[in-house]
Amino acid sequence: MYITVVGIGYVGLITAVGLAILGHTVHGVDIDAQKIADLLNGPCPLYEKNVQKKINYLYAKKLLHFGTHYRRHDRIFFLTVGTPASQDGTIDLTPLYAAIDSIIAFVPNGALFLIKSTVPVGTSRKIVHYLREKNVCHAVVSNPEFLREGNALYDFLNPDRIVIGADNTHCTAILTKLYQPLLNKKIPFLLTDPTTAELIKQASNAFLANKIALLNELSDLCVQTKADLGALSLGIGLDKRIGEAYLKGGPGFGGSCLPKDIRSLSRSFHQYGIASHILPAVITANNHRFTYIVNRITAILGGIKNKIIALYGLTFKADTDDTRGSPSLSIIELLLAQKAIIHGYDPKTKYDLLTYNEKGSIKFFSNPEETLCEAEALIIATEWDMFQNIDFEKIKTKGMLKSNIIIDLRNILNKNLIQQQGFSYYCLGRDI
Ligand code: UDX
């Protein structure tokens, strides 16, 4: 099938590559000419496992193209443009409507619009009305994405389910054909209406965030009661009704989806005249986490004013270069507010020095060992595998870390080993 993907950001690029791997001929369109030029010339502008290799292969097979304009035969449009959110949960749908306007100005009636961007519940139906008012006739289907950054291509090709929100069987038949290679793998195909499909997306992220936030609160109780956080997480996760995923303690959940979706969902409750008590509590619990962690760091170090603190990991989780909504950055801001001096290191992300220099004294390093220079303590904020392979023996022997304090907010280091090497090791659920 010939498919156009509109908006080549994170979701759009993975959708385009994924659909081409399924055997479709995919045309990715973005209004940003520079982005398209970067994609055409390489390397791939986003850090995601295997994607560059696949793009090269799909280019060669002529299954994938990118450009700034639609083509005459384009009829099936995946809309994957960004839907930016403000703090109160309002989602800005201007980019989505701008994309729709650009398509309806170009294609004759009878096209299919597949909404993959995460939108507030009820948006697809509003788009149907919008098209009617414009006197054009196109079908609108909600087909939310459930891609985790860092595993996005894998998730596209091996989803737990495909959710299709469509109002007519003709659309469903097209979608069945489009996803046939995945249906052959017996991946559940959930057919519902567009409003429910939209809600499934945001409600799924709300559930995940809920699990993480509750586990993090329980982690605080583990500190007080000396219960074992790892065993607790496993013990509750083995209950099939709960499930093992999303029960890892950490500095709080972040990223561009979980916090945004909860705020947006909470706002939808408000707009429909009902209240959610749980969703705002999840956000409050998560924000409180950052303050709690900084208070613990301050207590461990006996004050942090003018002390150098090294921090490994700036992205919101490992295996991505994305710092949007990163707990590390929230923690850094709170540390800077108390006049700590931060030495930051991350294996992948690009740093925006200017933004942070305005907020306090911070310096970013390109080498993990140099980051430790003169530091009182090391905080591990993101679970990059490479942090487990750092030569702490050498760091200890050479006295690179002044007070030999390591605070592990992801519990990724081997406690016994690191203590044997002579470090004071503080980890989640035990000391923090
Ligand atoms: C999320 C959803 O998982 C995905 O389905 C959706 O489409 C987009 O949003 P993503 O934002 O890439 O994906 O991140 P995810 O892997 O879900 O992690 C979100 C945050 O939760 C991260 O900050 C992560 O570190 C944290 N987390 C996750 C935990 O603290 N503990 C866990 O057990 C799992």
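Read-outs: derived from the displayed coordinates by stated rules, not from any lab. Note that this is a predicted model, so its numbers are computed, not measured. Cβ sites come from the backbone with ideal geometry, for glycine too, and all protein chains shown count toward neighbours.
At a glance:
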read-out	value
Antiparallel %, DSSP beta bridges [both residues in the chain], to 5	5 percent
FRET efficiency estimate (nearest 0.05) - Cβ-Cβ, SER102 to ARG148, R0 25 angstrom	0.25
Alpha carbon centroid spacing (whole Å) that separates the range 60-98 from the range 28-51	14 Å
Gained length - ARG161 relative to THR176, 0.36 nm times residue gap less alpha-carbon distance	4.1 nm
Helix 123-133 axis, angle to the chain major axis (alpha carbon atoms, nearest 10°)	30 degrees
The range 2-192 - charge dipole about Cα centre, Lys and Arg +1 at Cβ, Asp and Glu -1, debye rounded to 20	720 debye
Unsatisfied cross-links (Cα-Cα over 21 Å) in the set LYS305/LYS363; LYS61/LYS186; LYS317/LYS348; LYS260/LYS348; LYS186/LYS260	LYS61/LYS186; LYS260/LYS348; LYS186/LYS260
Whole-Hz couplings from phi, Karplus 6.51/-1.76/1.60, listed for the range 55-63; x for Gly and Pro	4, 4, 5, 6, 4, 4, 7, 6, 9
³J(HN,Hα) computed for each position of the range 105-120 - Karplus, 6.51 cos²θ - 1.76 cosθ + 1.60, integer Hz, glycine/proline x	6, 10, 9, x, 3, x, 7, 10, 9, 10, 8, 9, 4, 6, 10, x
Helix 169-178 axis, angle to the chain major axis (alpha carbon atoms, nearest 10°)	60 degrees
Ranked packing of 335-341, 157-163, 12-18, 114-120, most packed first, by mean Cβ within 10 Å	12-18, 114-120, 335-341, 157-163
Difference of contour (0.36 nm per residue) and Cα-Cα distance, HIS73 to LEU214	45.8 nm
Relative contact order for the chain, counting Cα pairs under 8 Å that sit 6 or more residues apart, in percent	12 percent
Student exercise, the chain dipole from Lys, Arg, Asp, Glu Cβ charges, in Debye to nearest 20	560 debye
Set of lysines with alpha-carbon distance to LYS134 below 27 Å, sequence-local pairs under 8 removed	LYS116, LYS126
Protection proxy ranking of 263-275, 191-203 - average other beta-carbon atoms within 10 Å, highest first	191-203, 263-275
Packing-based order for 35-46, 246-257, using average beta carbon neighbours within 10 Å, highest first	246-257, 35-46
Selection from LEU378, ILE55, HIS277, by position along the positive dipole direction of the chain (Cβ)	ILE55
When the convex hull of its Cα atoms is projected in every direction, mean area for the chain (nm²)	22.4 nm²
